[in-house]
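Chemist: After the C-alpha cells below, expect a handful of questions from me.
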Amino acid sequence: MRCPFCANDDSQVKDSRPTEDATSIRRRRQCSSCGARFTTFERVQLREVTIVKSGDRREPFDRSKIEQSVALACRKRDVDQERIDRLVSGIQRQVETAGEPEIPSSKLGEMVMDGLKQIDTVAYIRFASVYRDFSEARDFEEFASTVQEAAQD
C-alpha cells in the first residue's frame, strides 16, 4: 500500500479488525520509510459492474459517489453515519449480486431513493430534487405532498 505522505510503496500492517457492520476490514498501517501511520479499509468486491448513464455513457460502479450523494442529502439531519454506511453497503450488495454486468443509472438512483425514504423523508426529498431535476418550487410541493400522503397511509 502506497504511503499517502511520502508515496513509498512499502508499509506494514500494525492492526486489523472488522468494521462495526462487518462489511470491511480496517487496517492501521505504518510506512517503512517515513514512519507515518494511516488507515485503510478493505471491502469485498464481488464483480465489476458498469453504470450506464444517460446518452449511453458508461463508467465503473463507484461506491464513493453514492456515499457522497447520500451524505449530502443527509447533511444537517439527525442521521447516524452508521445508517448511511449500512444503506450504501446494502445498495452495493444489491448491485453486485444482481448478476448483471451493467445497470442503468436510473435504477441505481431509485435504489438510493428507496433507501433514503426509509431513513429520513427530508433527505429523500433532497436527493429526489437533484435526481429528478426539480426546476421550480411547484415541483418540490408536488413531490413533498405525495411523500406526505404516503406517510399518512
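Chemist: Somewhere in the range 53-76, is a residue touching a residue at least 40 places away in the same chain (Cβ under 8 Å), among the acidic types (Asp, Glu) and out of contact with any strand residue (DSSP E or B) (no Cβ under 7 Å at 6 or more places or on another chain)?
Modeler: The answer is no; no qualifying residue exists.
Chemist: Which condition from (1) closer than 24 Å to Arg17 by Cβ; (2) part of a helix (DSSP H, G or I); (3) of a type in the set (S, T, N, Q) is the one that Ser106 breaks?
Modeler: It is condition (1) that Ser106 fails.
Chemist: I would also like to ask the following. Within the range 108-124, is there a residue that is basic (Lys, Arg) and under 25 Å from Gly55 (Cβ atoms)?
Modeler: no
Chemist: I'd like the residue in the range 89-125 that is among the charged types (D, E, K, R) and within 18 Å of Ala144 (Cβ to Cβ) and, out of all such residues, is surrounded by the fewest Cβ atoms within 10 Å (Cβ to Cβ).
Modeler: It comes out as Asp114.
Chemist: Let me ask something additional. Quick one: which of Arg75, Arg47 is more than 25 Å from Thr121 (Cα to Cα) and either assigned by TED's automatic domain parsing to the domain that holds Ser106 or assigned to a loop (DSSP other than H, G, I, E, B) (or both)?
Modeler: Answer to the selection: Arg47.
Chemist: Any idea which residue in the range 16-74 is surrounded by the most Cβ atoms within 10 Å (Cβ to Cβ), counting only those that are of a type in the set (Gly, Ala, Ser), on the phi < 0 side of the Ramachandran plot and modelled with pLDDT under 90?
Modeler: Here the residue is Ser24.
The values are calculated or read from the model by the stated rules, or taken from the named source; none is laboratory data. Here the structure is a predicted model, which is why all the values come from computation and not from measurement. Here Cβ is always computed from backbone atoms with ideal geometry, including for glycine, and neighbour counts include all displayed protein chains.
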